[in-house]
Amino acid sequence: MTESSLHPAAAPSAEAMPSSGWRRFVADWASDQTSFKGVSWGKAMMWVFLLSDTFVFGCFLVAYMTARMSTTVPWPNPSEVFALEIGGTEVPLILIAIMTFVLISSSGTMALAVHYGYLRDRRKAGRLMLVTALFGACFVGMQAFEWTKLIREGVRPWANPWGAPQFGSTFFMITGFHGTHVTMGVIFLLVLARKVLRGDYETGRRGFFTSRRGRYEAIEIMGLYWHFVDLVWVFIFAFFYLW
Amino acid sequence: MADTTAHAEVGAPAAAPGHADTPHHPVKLYLAVWGWLFVLSACSYLVDYIGLHGWLRWTLIVLFMLLKAGLIVAIFMHMAWERLTLIYAILLPPLLVMVFVGIMASEANYTLLTRVLYYGGGN
């Protein structure tokens, strides 16, 4: 209690748990406690899923690193491969830069959607989720454009016109898997936005598939997934396109 | 006993005022992070656009990448306000992947060496 009064932010929780991190850490694991006390199952399970997804993306990136390091054939220069001609001049990597800004913006609108979800402002939260879905669809559209362009130029999972054939296989595998995640996220967002805007979390309407009542926390859990997709792109952008 | 408390917590509305694990932050914070992510991405892009090379290039790329990843995980994904238990459970395992990266880097170097030795760098 003394500690609570020292930290006004933690005061109203009125938990018996110590408020300092390490004490909580020990208490969480001690004497038959639930290890993630206070973290709902939905959120904990999303984190566990994202951790497993991290390993999958991690394996893809490690495979790419191994292929690129061990080939004796020159690796294509991504800066030139992904350049676009704008007004007669080749701008390096411009499409990827735009895609990055679109995805970051979608993360921004998602963070605001989660914020308004907490405040139970279902109109703002729902609309921001729709904007997020729109940015996501935009990203996938640009990726489709990028794939089309490269396929026309002769890039295949087993070959490309500029050198090491592994470039093609790692490119399609990594960006394809990421694009699939974005697509799933857009569908997930649209389904959830409909529920939020319809007011399902206020009326306690049961879900069509699960026949359970949803809660506003679903927006935060959805947000974790969406930010993760943006997070993975940060690494792909650095290792595949800039490196 | 532990069960009932857990259920009570889960059942509680997510936006209950004053709930310690439900951070309320001003919109300004999210907008600031959004802005920083834009700036850092622009910096990453500039590294390529300007055409930096060598150690400076790799250092800057990794630095901007880690800063961006940190901001997303800490603020957007609310990790900064999660329980320490969850933070460690999620952040430590990916760090261990670095061991795997090290093993595969050494393996890749060996493969390259054998290719150069036996194929003369032709394949």
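Structure notes:
- Distance (nanometres) between label positions extended 7 Å along Cα→Cβ at A:T72 and A:I187: 4.5 nm
- Restricting the GluC sites (Glu not before Pro) of segment A:151-243 to loop positions (DSSP other than H, G, I, E, B) with no more than 11 neighbouring Cβ atoms within 10 Å leaves A:E153.
- Proximal charge balance of A:I236 [Cβ under 15 Å; K/R count +1, D/E count -1]: -2
- Where labels lie 7 Å past Cα in the beta-carbon direction, separation of A:W147 and B:K28 in nm: 4.4 nm
- Shown are A:I94, A:I187, whose ranking by accessible area with a 1.4 Å probe and every protein chain present, most to least, is A:I187, A:I94.
- As a ratio to 2.2 N^0.38 Å, the alpha-carbon radius of gyration computed for segment B:83-123 takes the value 1.95.
- Estimated from helical segments only, the mean residue ellipticity of the protein assembly as shown at 222 nm is -23000 deg cm²/dmol, where each DSSP H run of four or more residues counts as -39500 (n - 2.57).
- Gyration tensor (alpha-carbon) shape descriptor, segment B:43-120, a/c threshold 1.5: oblate
- Among A:T203, A:T183, A:T109, residue whose mean-square fluctuation peaks in a GNM of chain A (springs only between Cα atoms under 10 Å): A:T203
- Packing-based order for A:208-216, A:233-241, using average beta carbon neighbours within 10 Å, highest first: A:233-241, A:208-216
- Per-residue ³J(HN,Hα) for segment B:48-53, Karplus 6.51 cos²θ - 1.76 cosθ + 1.60, θ = phi - 60°, Hz, x for Gly and Pro: 6, 5, 5, x, 5, 9
- Residue-wise HN-Hα coupling along segment A:135-146, computed from phi with Karplus coefficients 6.51, -1.76, 1.60 (Hz; x: Gly, Pro): 4, x, 5, 4, 4, 4, x, 5, 5, 4, 4, 4
- Cα gyration tensor shape for segment A:98-146, rounded if a/c is under 1.5, else prolate or oblate: prolate
- Distance from segment A:96-149 to segment A:222-243 (C-alpha centre basis), Å: 14 Å
- Over segment A:41-242, equivalent-ellipsoid semi-axes from the Cα gyration tensor in Å: 37, 19, 13
- Listed residues A:C59, B:C43 arranged by accessible area, highest first, probe 1.4 Å: A:C59, B:C43
- Close amide H pairs (under 5 Å, H built 1.01 Å from N) link A:L84 with A:V91, A:L93, A:I94, A:L95, residues at least 5 positions away or on another chain.
- Computed about its Cα centre, the charge dipole of the protein assembly as shown is approximately 820 debye, with only Lys, Arg, Asp and Glu carrying charge at their Cβ.
- Largest mean-square fluctuation among A:M222, A:M184, A:M129, in a Gaussian network model of chain A whose springs join Cα atoms under 10 Å apart, belongs to A:M184.
- Global geometry of segment B:23-81, whether rounded, prolate or oblate, following the gyration tensor of its Cα atoms and the 1.5 cut on a/c: oblate
- Residue by residue, segment A:93-99 carries 3J(HN,Hα) couplings of 6, 5, 4, 5, 4, 5, 4 Hz when phi is fed to the Karplus relation 6.51 cos²θ - 1.76 cosθ + 1.60 (θ = phi - 60°); x denotes Gly or Pro.
- Length released on extending from A:L51 to A:R156, taking residue separation times 0.36 nm less the Cα-Cα span: 34.7 nm
- Hits among lysines - C-alpha to C-alpha of A:K37 under 30 Å, sequence gap 8 or more where chains match: A:K195, B:K28, B:K68
The values are calculated or read from the model by the stated rules, or taken from the named source; none is laboratory data. Being a predicted model, the structure only gives us computed values, none of them experimental. Cβ: placed from backbone, ideal geometry, glycine included. Neighbour counts: every protein chain shown. Each accessible area value is taken on the protein alone, full model and side chains, heavy atoms only, with ligands, DNA and RNA left out. Shrake-Rupley method; radii C 1.70, N 1.55, O 1.52, S 1.80 Å.
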